[in-house]
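The values are calculated or read from the model by the stated rules, or taken from the named source; none is laboratory data. Since this is a predicted model, take the numbers as computed values, not measurements. Positions of Cβ are backbone-derived with ideal geometry, glycine not excepted, and every protein chain shown enters the neighbour counts. Keep in mind that these areas ignore ligands, DNA and RNA; they rest on the heavy atoms of the full protein, side chains included. Shrake-Rupley method; radii C 1.70, N 1.55, O 1.52, S 1.80 Å.
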Amino acid sequence: MHTFQEITIDQLEINPFQMIGKEWMLVTAGNEKKANTMTASWGGMGIMWGKNVVYVFIRDSRFTKEFIDREGMFSLSFPKEEYRKEMKFLGAVSGRDEDKIKEAGVHVAYHEGVPYIDEGSLVMICRVLSETPIRKEEFKDASIDENWYSTGDYHNMYVAEITSVLAR
């Protein structure tokens, strides 16, 4: 296991466009009995309701969604490029069908009971503040539905407060 230290939001010097959109992140939720993770490349960071928040988008069909909804907490882990193969695997295989965390060769650690992927170089522990379903009738640009939701498997947008930041 890696050694992390808790840092403040003010100590972060990151580019969320690079970290989320290009390097990807792992969304992990559950408890010490069972956890699941998924790869994500959609999301954001900012301020909402006077809090430091992240925005993550989870499809209804994702197994990780069940853990987020049950626990109300999740983590975002940001592994470096050397873990690209593992991240692709974690995004392609369902945890419903197999122990994909073990199969990928990554490890779960916990911060105040919230699971995260130990191979991350940066981890954010998050508490869900809201969940908003994204639906076809809300799009102002019809091409979004055509390009991203042809199967009808829509996302839910979670806004979550960043309660802790861990860095190696």
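Once the convex hull of the alpha carbons of segment 5-74 is built, what does its volume come to per residue, in cubic angstrom?
Per residue, the Cα convex hull of segment 5-74 comes to 119 Å³.
Of the accessible area of segment 1-134, with the probe set at 1.4 angstrom, what percent is carbon plus sulfur?
The value for segment 1-134 is 48 percent carbon and sulfur by accessible area.
For the chain, modelled as a Gaussian network with Cα springs under 10 Å, which listed residue fluctuates most, 144, 20, 134?
Its mean-square fluctuation being the largest, the pick is 144.
Springs between alpha-carbon atoms under 10 Å, Gaussian network over the chain: tell me which of 113, 43, 72 tops the mean-square fluctuations.
113
Not counting the cut sites, what is the longest span of the chain without GluC sites (Glu not before Pro) that DSSP labels loop and that have at most 10 other Cβ atoms within 10 Å?
33-97
Determine the per residue accessible area of segment 5-48 with all protein chains present and a 1.4 angstrom probe, expressed in square angstrom. It would help to have the intermediate numbers written out before the result.
Numbers: 2570 Å² over 44 residues.
Result: 58 Å² of accessible area for each residue.
At what distance in nm do the modelled label points of residue 137 and residue 60 sit from each other, each positioned 7 Å from its Cα along Cα→Cβ?
The answer from the label model is 1.4 nm.
If we count every other residue with Cβ under 13 angstrom of residue 156's Cβ, Lys/Arg +1 and Asp/Glu -1, where does the sum land?
Net local charge, residue 156 excluded: -2.
Counting Lys and Arg as +1 and Asp and Glu as -1, what is the net charge of the other residues whose Cβ lies under 10 Å from the Cβ of residue 106?
-2
Any number yet on Rg/Rh for segment 90-167, C-alpha, Kirkwood?
1.07
Any number yet on Rg/Rh for segment 66-133, C-alpha, Kirkwood?
Values: Rg = 12.6 Å, Rh = 13.0 Å.
Expressed as Rg/Rh, it is 0.97.
Using the crude model of +1 on Lys and Arg Cβ and -1 on Asp and Glu Cβ, and no other charge, please compute the dipole size for the chain relative to its Cα centre, in debye to 20.
Dipole magnitude for the chain comes out near 120 debye.
Take the alpha-carbon centre of segment 27-45, take the same for segment 64-123, and report the distance between them in whole Å.
5 Å
Can you give the accessible area per residue of segment 67-168, in Å², using a 1.4 Å probe?
That works out to 51 Å² for each residue.
Give a residue-ordered list of calculated ³J(HN,Hα) values for segment 96-113 (Karplus: 6.51 cos²θ - 1.76 cosθ + 1.60, θ = phi - 60°; whole Hz; x for Gly, Pro).
Karplus values, whole Hz, x for Gly and Pro: 5, 8, 7, 7, 5, 5, 5, 4, 6, x, 9, 10, 9, 10, 9, 10, 6, x.
Where Lys and Arg each count +1 and Asp and Glu each count -1, what net charge lies around residue 128 among other residues with Cβ under 10 Å from its Cβ?
-3
Amide H of residue 155: which non-local residues (sequence gap of 5 or more, or other chain) have their own amide H closer than 5 Å, using H built in the peptide plane?
134
Which far-off residues, 5 or more places away or on another chain, put their amide H under 5 Å from the one on residue 45, with H placed in the peptide plane?
Correct list: 55.
Here are labelled values, (i) 10.0; (ii) 11.3; (iii) 8.5, and one is the computed mean projected area of the Cα convex hull in nm² for what I pasted. Which one?
Checked against the structure: label (i).
Within segment 65-168, how many lysine pairs that are 8 or more places apart, or on different chains, have C-alpha atoms less than 16 Å apart?
Within segment 65-168, the lysine pair count is 6.
With both bridge residues required to lie in the chain, what share of the DSSP beta bridges run antiparallel, to the nearest 5%?
Numbers: 47 of 47 bridges.
For the chain, the DSSP antiparallel bridge percentage is about 100.
Ignoring everything except DSSP H segments at least 4 long, calculate the 222 nm mean residue ellipticity for the chain; use -39,500 (n - 2.57) per segment, divide by total residues, nearest 500.
The helix contribution divided over the chain gives -4500 deg cm²/dmol.
Within 10 Å of each candidate Cβ there may be at most 10 other Cβ atoms; applying that plus a DSSP loop requirement, which trypsin sites (Lys or Arg not before Pro) in segment 1-65 survive?
Qualifying residues, ordered by number: 33.
Name the residues whose placed amide hydrogens come within less than 5 Å of the amide hydrogen of residue 130, ignoring near sequence neighbours (fewer than 5 apart) on the same chain.
Excluding prolines and chain starts, which carry no amide H, the hits are 159.
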